[in-house]
1. Have a look at Phe10, Phe5 and point out the one that is surrounded by fewer than 15 Cβ atoms within 10 Å (Cβ to Cβ), at pLDDT below 75 and farther than 12 Å from Ala176 by Cα.
2. Test of understanding: among Lys191, Lys218, which residue is of a type in the set (D, E, K, R), over 14 Å from Val15 (Cβ atoms) and either at pLDDT below 80 or touching a strand residue (DSSP E or B) at 6+ places or on another chain (Cβ under 9 Å) (or both)?
3. Just for the stretch 148-187: of the residues that are under 13 Å from Leu26 (Cβ atoms) and at pLDDT below 70, which one is surrounded by the fewest Cβ atoms within 10 Å (Cβ to Cβ)?
4. Restricting to the stretch 148-168, give me the number of residues that are over 20 Å from Phe78 (Cα atoms) and either part of a helix (DSSP H, G or I) or of a type outside the set (A, V, I, L, M, F, W, C) (or both).
Amino acid sequence: MNFEFIFPIFTAFWVGIITSISPCPLATNISALSYISKHSKFSVLLNGFMYSLGRSFTYVIIAFLLVKSLISAPSFSFFIQKYGNQLISILLILAGMYMLDMFSINGINLINASKFKFSGVFGSFLMGIVFALAFCPISAALYFGTVIPLSINNSSPFIIPFLYGLGTAIPIIIIAILIEFGFKKISLITKFIGRFEKKLNNLTAYVFIISGIYLALKHIFEII
């Protein structure tokens, strides 16, 4: 099967997982689920699912609006058809470098989620929406620097963002299950995930850089 067909699909899903277990989003998700477990008469698992659905819904809607509006513009659509792979190669290399802390993006936080109060299943869904909009630097860099360009380049305003949202939901559901079945020491979850997060982050960064170099050699330098 064509590598360039599989790559954006797998990348979107994997980037979602990496985003969810990165320190800032992970702390946000655990705080949200801890709040849900104390302020809802429904099960943590049900609320965790609704919270994840809210996050995924937000990511899909933002991507759909951005991608649909951009690819519908004739001049931009022509540009992407001609230079999309070249642009993706550069963005992947930059995303990998950022994940390796070669440079930083600071101060990205669109919404102060702590000002909001939520209750019930629908409240969990709304919490997911609000917390998804409270972009941390790493989540903003991966979403706008990787997922959106992949969606544009592949004319996929729904599937790729949906897979990203699904990826972000899986770790949240796992944490909700642990809380549901009485795992009270949330700090142990963060320590356990923290042991693997850095290694997975670095592995993903190297994959991005290698993939970016491959696409650059093929579509920019045309030597593959």
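The values are calculated or read from the model by the stated rules, or taken from the named source; none is laboratory data. None of these values were measured; they are calculated from a predicted model. Cβ placement follows ideal geometry from the backbone for every residue including glycine, while neighbour counts extend to all protein chains displayed.
1. Residue meeting the stated conditions: Phe5.
2. Of Lys191, Lys218, the one residue that is of a type in the set (D, E, K, R), over 14 Å from Val15 (Cβ atoms) and either at pLDDT below 80 or touching a strand residue (DSSP E or B) at 6+ places or on another chain (Cβ under 9 Å) (or both) is Lys191.
3. That would be Ser187.
4. Adding up the residues that qualify gives 10.
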